[in-house]
Amino acid sequence: MYEFDFQFILDNPGFLWAGLKHTLALYAASLTIGLALGLVIGMGRYSTRKWLNWPATIWVELFRNTPVLVQMMWFFFALPVLIGFSLTAFTAATMALAANASANAAEIFRAGIQSIHKGQWEASRSLGMSYGRIMRRIILPQAIRRMVPAFSNRAIELAKMTSLASTISYAELLYEARLMSSMQFNPIEAFTAVAVVFFVVLYPLTRIVARFEVDARI
Amino acid sequence: MTAILKIVDIHKHFGDNEVLKGIDIDVEEGEVIVVLGSSGSGKSTLLRCINHMEMPDGGHIKIEGKRPDTGQTPYKITERNLLALRRKVGMVFQQFNLFPHMTALENVMEAPRQVLGLSATEARELAMGHLARVGLEGREDMYPMRLSGGQQQRVAIARSLAMSPKVMLFDEATSSLDPELVGEVLKVMRKLAEDGMTMVVVTHEIGFAYSVADRVIFLHEGRILEEGKPTDILVNPLTDRFQQFLSVFKEFSIPESS
């Protein structure tokens, strides 16, 4: 019978703490950029103008239909060769995760905007409001409320995807655990601890999301 | 008298379906015109062409003597003139289309604040006045969801009025209301007419047409078939079509006791 020994992890919380900080930094950066970019691309997807719609559609399809791990490898190993200078693991991981998040967010924005009844557009237009004002004052405030559950689900997915950055040696949680396990020969404890940390952070989030879903039905 | 709104040879088609086949109407200032017609006659499309919710395919309009379009063929209008036109022409919809995330007061304040650039205090005062005008004092802070259909439609009327339009368009404003709520909206519309508002009203309320309209227009298959004073043409329609249209309403009316 294997004897679990979490003593090393408890005595050296710095390992996982450093990893968690990096995970959160990567998460915050890719979520923020992904959402902002997603709004712009979602508008492009919603637009009937070809020169806006086409690039947005290509972006969305490209990043939704390729694995994030491949995107991350590509940004870290391939892109530097093309542009002539190397990227830090943090930059490459953020680019891949933000690109992926933006593609998903764009589709949520587009669907949310489309779900608003056309009467809202007509009423605002009949009052002499411009497209930009209608979008900002009338359509988006209503659409975003409907998008909250979908966004929350993507946000939780994105949090889990940050662990992929360990493959390009970004020192987030999983990377720290691998480092520790190779030094201490305690893979069971190390990887169990990472799973526990993710669970402790994400479980309350999923509960909050579930609450949102109930509220959004009203 | 000069026409505040001139509709000149307006054409509109959707695909192969020609909905308006050349409509000419001069609307005098303060005049109330009721447009009647069976569904598919083009009456809603006519209203929507006036404020350019639909672009006319041919012809043009003049508002206060000026053409908003560029005068080119095919029909073209600049964004600037389009927004200016819609500020002058208010529209009330069958489905109210209130902004559900705003209170009654905020619904009415929105365009004066955003489009006319009024301060919050000015817009609030203006909105309170218009809500009072449609009989909704005390309901300012309620969200549309909490209001009855008739109240919602009155908020929508106040929202349009807050932009001080030159002309108001009513697109079957009472058609989606429960019968007992129709009256309160018609009363507000009659009061507006009495206050001198220029109105073009698409409705199925023949009684309203009879008692409020200065002129009734009967539209059939995209053309004006009859036009005249309500006391004339509603009582003595000239064409079989209009006769037929009106007979449905007469068939189910309560005879007056003698």
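Going residue by residue through the range B:141-155, is there one that turns out to be among the polar types (S, T, N, Q), under 30 Å from B:Ala3 (Cβ atoms) and either without any contact (Cβ under 8 Å) to a residue 12 or more places away in the chain or open to solvent by 10 Å² or more (accessible area, probe 1.4 Å) (or both)?
Among the residues of the range B:141-155, not one is among the polar types (S, T, N, Q), under 30 Å from B:Ala3 (Cβ atoms) and either without any contact (Cβ under 8 Å) to a residue 12 or more places away in the chain or open to solvent by 10 Å² or more (accessible area, probe 1.4 Å) (or both), which makes the answer no.
With the condition kept exactly as written, say whether any residue in the range A:119-132 is open to solvent by 20 Å² or more (accessible area, probe 1.4 Å), more than 13 Å from every other protein chain (Cβ to nearest Cβ) and either under 24 Å from A:Thr23 (Cα atoms) or not in a helix (DSSP H, G or I) (or both).
Scanning the range A:119-132 turns up no residue that is open to solvent by 20 Å² or more (accessible area, probe 1.4 Å), more than 13 Å from every other protein chain (Cβ to nearest Cβ) and either under 24 Å from A:Thr23 (Cα atoms) or not in a helix (DSSP H, G or I) (or both).
Filter the range B:226-239 down to residues that are of a type outside the set (Ser, Thr, Tyr) and open to solvent by 70 Å² or more (accessible area, probe 1.4 Å), then give me how many there are.
Count: 6.
Could you go through the range A:178-186 and let me know if any residue there is buried (at least 20 other Cβ atoms within 10 Å of the Cβ), within 14 Å of another protein chain (Cβ to nearest Cβ) and polar (S, T, N, Q).
Checked against the condition, which is being buried (at least 20 other Cβ atoms within 10 Å of the Cβ), within 14 Å of another protein chain (Cβ to nearest Cβ) and polar (S, T, N, Q), the range A:178-186 yields no hits at all.
Would you confirm, using the coordinates I've provided, whether B:Pro112 is open to solvent by less than 30 Å² (accessible area, probe 1.4 Å) and in contact with a helix residue (DSSP H, G or I) (Cβ under 7 Å, 6 or more places away or on another chain)?
yes
Report the residue count in the range A:62-76 for those that are exposed (fewer than 14 other Cβ atoms within 10 Å of the Cβ) and free of Cβ contacts under 8 Å to residues at least 12 places away in the same chain.
Number satisfying all stated conditions: 3.
Taking helices (runs of 4 or more DSSP H) that fall entirely within the range B:162-234, which contain at least 3 residues that are over 14 Å from B:Glu28 (Cα atoms) and either free of Cβ contacts under 8 Å to residues at least 12 places away in the same chain or within 15 Å of the chain's Cα centre (by Cα) (or both)?
Result: B:179-194, B:206-212.
Has the range B:68-85 got at least one residue that is in a helix (DSSP H, G or I) and loosely packed, with under 14 Cβ neighbours inside 10 Å?
Yes, the range B:68-85 contains a residue that is in a helix (DSSP H, G or I) and loosely packed, with under 14 Cβ neighbours inside 10 Å.
For the range B:1-41, list the strands (runs of 3 or more DSSP E) that sit wholly inside it and hold at least 1 residues that are without any contact (Cβ under 8 Å) to a residue 40 or more places away in the chain and exposed (fewer than 15 other Cβ atoms within 10 Å of the Cβ); which are they?
B:3-14, B:17-28
Within the range A:196-218, track down each residue that is at pLDDT 90 or above and in contact with a helix residue (DSSP H, G or I) (Cβ under 9 Å, 6 or more places away or on another chain).
Once the filter is applied, which keeps residues that are at pLDDT 90 or above and in contact with a helix residue (DSSP H, G or I) (Cβ under 9 Å, 6 or more places away or on another chain), the range A:196-218 yields A:Val197, A:Phe198, A:Val201, A:Leu202.
Return yes when B:Val134 is farther than 18 Å from A:Pro141 by Cα and crowded, with 23+ Cβ neighbours inside 10 Å and no when it is not.
So B:Val134 fits the description; yes.
Kindly establish whether A:Tyr175 is assigned to a loop (DSSP other than H, G, I, E, B), surrounded by 21 or more Cβ atoms within 10 Å (Cβ to Cβ) and either among the aromatic types (Phe, Trp, Tyr) or on the phi > 0 side of the Ramachandran plot (or both).
no
What pairs come out if I take residues in the range B:74-97 that are facing another protein chain (nearest Cβ under 7 Å) and over 14 Å from B:Ile63 (Cβ atoms) and pair them with residues that are open to solvent by less than 30 Å² (accessible area, probe 1.4 Å) and aliphatic (A, V, I, L, M) whose C-beta lies under 8 Å away, six or more apart or interchain?
B:Phe93/A:Ala123; B:Phe93/B:Ala156; B:Phe93/B:Ala173; B:Asn97/A:Ala123; B:Asn97/B:Ala156
Test A:Ser130 against the stated conditions and say whether it is of a type in the set (S, T, N, Q) and more than 23 Å from the chain's Cα centre (by Cα).
yes
Checking the structure you have, find out if any residue of the range A:106-114 is touching a helix residue (DSSP H, G or I) at 6+ places or on another chain (Cβ under 9 Å), more than 14 Å from chain B (Cβ to nearest Cβ), surrounded by fewer than 17 Cβ atoms within 10 Å (Cβ to Cβ) and not in a helix (DSSP H, G or I).
There is no residue in the range A:106-114 that is touching a helix residue (DSSP H, G or I) at 6+ places or on another chain (Cβ under 9 Å), more than 14 Å from chain B (Cβ to nearest Cβ), surrounded by fewer than 17 Cβ atoms within 10 Å (Cβ to Cβ) and not in a helix (DSSP H, G or I).
Among (1) away from chain B (no Cβ under 14 Å); (2) within 17 Å of the chain's Cα centre (by Cα), there is one condition A:Val148 misses while meeting the rest; what is its number?
(1)
Given the conditions (1) in a helix (DSSP H, G or I); (2) without any contact (Cβ under 8 Å) to a residue 12 or more places away in the chain; (3) of a type outside the set (D, E, K, R), and given that A:Thr48 satisfies all but one, which numbered condition is not satisfied?
Unmet for A:Thr48, out of (1) in a helix (DSSP H, G or I); (2) without any contact (Cβ under 8 Å) to a residue 12 or more places away in the chain; (3) of a type outside the set (D, E, K, R): (1).
Within the range B:120-161, which residues are in contact with a helix residue (DSSP H, G or I) (Cβ under 8 Å, 6 or more places away or on another chain), assigned to a helix (DSSP H, G or I) and of a type in the set (A, V, I, L, M)?
Of everything in the range B:120-161, those that are in contact with a helix residue (DSSP H, G or I) (Cβ under 8 Å, 6 or more places away or on another chain), assigned to a helix (DSSP H, G or I) and of a type in the set (A, V, I, L, M) turn out to be B:Ala120, B:Ala123, B:Leu126, B:Ala127, B:Met128, B:Leu131, B:Val155, B:Ala156, B:Ile157, B:Ala158, B:Leu161.
The values are calculated or read from the model by the stated rules, or taken from the named source; none is laboratory data. Values in this document were obtained by computation on a predicted structure and should not be read as measured data. Reconstructed Cβ throughout: ideal geometry from the backbone, glycine too, with neighbour counts over all protein chains shown. Quick note on the areas: whole protein, heavy atoms, side chains included, nothing else; ligands and nucleic acids left out. Shrake-Rupley method; radii C 1.70, N 1.55, O 1.52, S 1.80 Å.
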